[in-house]
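See below for the structure under consideration.
The values are calculated or read from the model by the stated rules, or taken from the named source; none is laboratory data. Quick caveat: nothing in here was measured; it's all calculated off a predicted structure. Cβ coordinates were reconstructed from backbone atoms using ideal geometry, including for glycine residues, and neighbour counts include every protein chain displayed. With ligands, DNA and RNA removed, areas are computed over all heavy atoms of the protein, side chains included. Shrake-Rupley method; radii C 1.70, N 1.55, O 1.52, S 1.80 Å.
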Amino acid sequence: MSGSKPNPAQIRELYRFLLTQLARTGQPPSREMLQGTLGTDSDAVEQALTHLEQDGGIYRDPVTREILVAYPFSTKPTNHIVRFPDGHEVYAMCAIDALGMPAMLHTDAVIASRCAQCGRPIQVVVRDNTLAESAPPDIRVWYQTADATCIAAVEQCPSINFFCSPEHLDAWRALHPGQRGEELDVPRAFVRGREVFGNLLKAGGTKDGPSV
Ligand SMILES: [Zn+2]
C-alpha cells in the first residue's frame, strides 16, 4: 500500500464513476469498487473523496463519512423523483438538479415532485432534450441563491423547490421572509438545470454555474 496521492485525472475518473453508478442505481458504489476504479488504495480513495467534497461535488455525513449526495443525486429520499425510460428512479437534491438530469444523462425522464406550499403533485416530462409536458400548467421554481461558502446540500437545496402556481410560491415566500433567490417558470428552470449539469459527464466537464 503506497498511500499515494490521487492525481487530477484519477479524481475525475472516480467522480464520473460515482455519478454513473448513482444514475444507474441511486446508491453510491462501495469503497472497494471505488478503489478498483482508481486502481489504488483506500487512502487515495479517501483523499479523492475529500477533494470532491471540498470542491462541492459531493456531500458526506459529517460523522460516518457516508456519501449522502453527489449532485444532482441524493442517496436518500427527497421530494424530487426522476424516473427514466426503463422505469428505474433516482432522487434529485432539488428541483434544478432534477431538471438537469436528463441533459446530463442524455435521456428522457419524468420528474415527479410536490408543491412545496400545498403538496400538490407536480410532473414534468422531458423528451428528446426538450420540455414535453408539465402539470399543473403554471408551475414555478424557486431558485435559492447562496454564498459560495455554503454547503448546498444543507443550506441551499432544501429551498429549491417546485410550486404548483405563482400564488403558492408567493405564499411560501411570505412564510419564509429573507430568502434570497429567483422565481423561474419551468422553461427557464429547465435551461438552468441544463446549464449546471449538462456538461458534468463530458470529458473534462465540470459542475459549473451556481452550486446546487
Ligand atoms: Zn401548491
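Near residue 183: Cβ cut-off under 10 Å, other residues only, Lys/Arg at +1 and Asp/Glu at -1. The net charge is 0. Between the Cα long axis of helix 8-25 and the first principal axis of the chain there is an angle of about 50°, rounded to the nearest 10.
Quick one, can you get me the convex hull of the C-alpha atoms of region 1-69 expressed as volume per residue in Å³?
On the way: hull volume 5.6 nm³, N = 69.
Measuring per residue, one finds 82 Å³ for the Cα hull of region 1-69.
Nearest 10 degrees is fine. How inclined is helix 95-105 to the longest principal axis of the chain, computing both from alpha carbons? Between the helix axis and the principal axis of the chain, the angle is about 60 degrees. Note that region 48-60 has calculated 3J(HN,Hα) couplings of 5, 5, 4, 4, 5, 5, 5, 7, x, x, 9, 9, 10 Hz, one per residue in order, obtained from phi through the Karplus relation 6.51 cos²θ - 1.76 cosθ + 1.60 (θ = phi - 60°); glycine and proline are x. With all protein chains in place and ligands, DNA and RNA left out, the 1.4 Å accessible area ranks 97, 86 as 86, 97, largest first. Under 5 Å from the amide H of residue 80 lie the amide H atoms of 92, each residue being 5 or more positions distant or on a separate chain, with H modelled from the backbone and absent for Pro and chain starts.
Using only the alpha-carbon atoms, how far is helix 186-197 inclined from the longest principal axis of the chain? Give it as 0 to 90 degrees, nearest 10. Computed tilt is about 10 degrees.
Note on region 1-134: dipole from Cβ charges, positive end direction compared against 37, 73, 126; the farthest Cα belongs to 126. Extents of the chain, largest first, come to 59, 38, 26 Å (Cα atoms, principal axes, whole angstrom).
Less than 15 Å Cβ to Cβ from residue 49, Lys/Arg counted +1 and Asp/Glu -1: what total charge do the surrounding residues give? Write down the numbers at each step before the final one.
Values: positive: 5, 12, 16, 31, 60, 65; negative: 13, 32, 41, 43, 46, 53, 55, 61, 66.
Local charge sum for residue 49: -3.
Surface composition of the chain: carbon plus sulfur atoms contribute 50% of the solvent-accessible area (1.4 Å probe, protein chains only, all chains present). Subtracting the Cα-Cα distance of residue 55 and residue 76 from 0.36 nm times their residue separation leaves 5.5 nm of extension gain. Once the 1.4 Å probe is applied to the protein heavy atoms, region 85-212 comes out at 46 Å² accessible per residue.
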